[in-house]
1. Among the candidates V213, V226, V268, single out the residue that is hydrophobic (A, V, I, L, M, F, W, C) and farther than 20 Å from T125 by Cα.
2. How many residues does the stretch 245-259 hold that are surrounded by fewer than 19 Cβ atoms within 10 Å (Cβ to Cβ) and more than 14 Å from N103 (Cα to Cα)?
3. Of the residues that sit in the stretch 22-50 and are assigned to a loop (DSSP other than H, G, I, E, B) and of a type in the set (D, E), which one is nearest to the chain's Cα centre (by Cα)?
4. If the Cβ limit is 8 Å and pairs must be 6+ apart or interchain, which residue in the stretch 219-231 that is on the phi > 0 side of the Ramachandran plot pairs with which residue that is aliphatic (A, V, I, L, M)?
5. Restricting the search to the stretch 2-33, which residues are out of contact with any strand residue (DSSP E or B) (no Cβ under 7 Å at 6 or more places or on another chain) and free of Cβ contacts under 8 Å to residues at least 12 places away in the same chain?
6. Given (1) free of Cβ contacts under 8 Å to residues at least 40 places away in the same chain; (2) assigned to a loop (DSSP other than H, G, I, E, B); (3) among the acidic types (D, E), identify the lone condition not met by E199.
7. The conditions are (1) without any contact (Cβ under 8 Å) to a residue 40 or more places away in the chain; (2) surrounded by fewer than 16 Cβ atoms within 10 Å (Cβ to Cβ); (3) within 21 Å of E68 (Cβ to Cβ), and A181 fails exactly one of them. Which is it?
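The values are calculated or read from the model by the stated rules, or taken from the named source; none is laboratory data. Small disclaimer: the values here were computed from a predicted structure and weren't measured. Using ideal geometry, Cβ is built from the backbone for each residue, glycine included, and neighbour counts are taken over all protein chains shown.
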Amino acid sequence: MTNPYHPYPVTIRDIRTETEDKSLKTFTFVFDSPEDESAFDFTCGQFAMLSVQGVGEIPIGIASSPTEKPEVKFTVFNTGKVTSHLHRMKAGDAMGIRGPLGNGFPMDRLAGKNILIIGGGFAFTTLRSFIESARQPENRHRFKNIDVVYGARTPGMLLYRDELAAWEKSGDINVHITVDATDDQDWPYHTGFVPAVTERCAPASDGNTLAIVCGPPIMIKFTRPVLRDLGYRDEDILMSLENRMKCGIGMCGRCNIGRELVCHDGPVFTLAELNGTPGEF
């Protein structure tokens, strides 16, 4: 983009309600211009600003894979002025997307490695982007074993349930689903917090495995020692701090962690990099 504050015009193609409480919806957008669609050249792990004229804008991780273009997807939690307005919009409505912004997952470094993906809650969105990209026939050979640990509070709060079932059925990745608690006596998956399920199900590091972690701060806090006990080095743990994003281009300074600006230098950091910042994570 020549002007980083200028959004691309887009149209809502589809809206899918993800959770039983209707607090999370996935929006599928198409660009109004083929030139804008081509210019929106993103990688897994990046984010963008969704803007509604006269209402405001919000930073949201990109949930779709680059392989799903020309469509682009975002899963939005109804939690404020802009998001509540967006949740009331309909297919065919117009809005804007500014981006892509920040860095993404280091795909070249991930190539040839075993991958452990750990996600919790609605922070699973950018992890979906990587999983969908890695599973494509043209990409799957680039990675070795892929293990996914994903948790939500209850079964009704799990995102992408049809896709989770398809991933599990495909057999090309190992999926470990968990919920904090459930009254469902027939619940077929794990019950317990993500760190505990990671401890039970995740593969130990063999020196050729990278971990990607994205979730609420409390999940990150208690997952770190589990990964250490499994033998993962700090430089082999990638963390996405997308919950810290603000203006999108590192100008306002509100996303800073020490000298690092999450909007500009992140949202993806290695744990080794974060160890040099104030101890928030």
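1. Only one candidate qualifies: V226.
2. Just the residues of the stretch 245-259 that are surrounded by fewer than 19 Cβ atoms within 10 Å (Cβ to Cβ), to begin with: 246, 249, 251-254, 256, 258-259.
In the following step, the residues that additionally are more than 14 Å from N103 (Cα to Cα) were identified as 246, 251-254, 256, 258-259.
Matching residues across the stretch 245-259 total 8.
3. D41
4. G231/A204
5. T2, N3
6. Result: E199 passes all but (2).
7. Failed condition: (3).
For every residue, the table says whether it meets (1) under 22 Å from I131 (Cα atoms); (2) surrounded by fewer than 21 Cβ atoms within 10 Å (Cβ to Cβ); (3) within 21 Å of the chain's Cα centre (by Cα).
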residue	(1), (2), (3)
T191	no, yes, no
D206	yes, yes, no
A211	yes, no, yes
K221	no, yes, yes
D229	no, yes, no
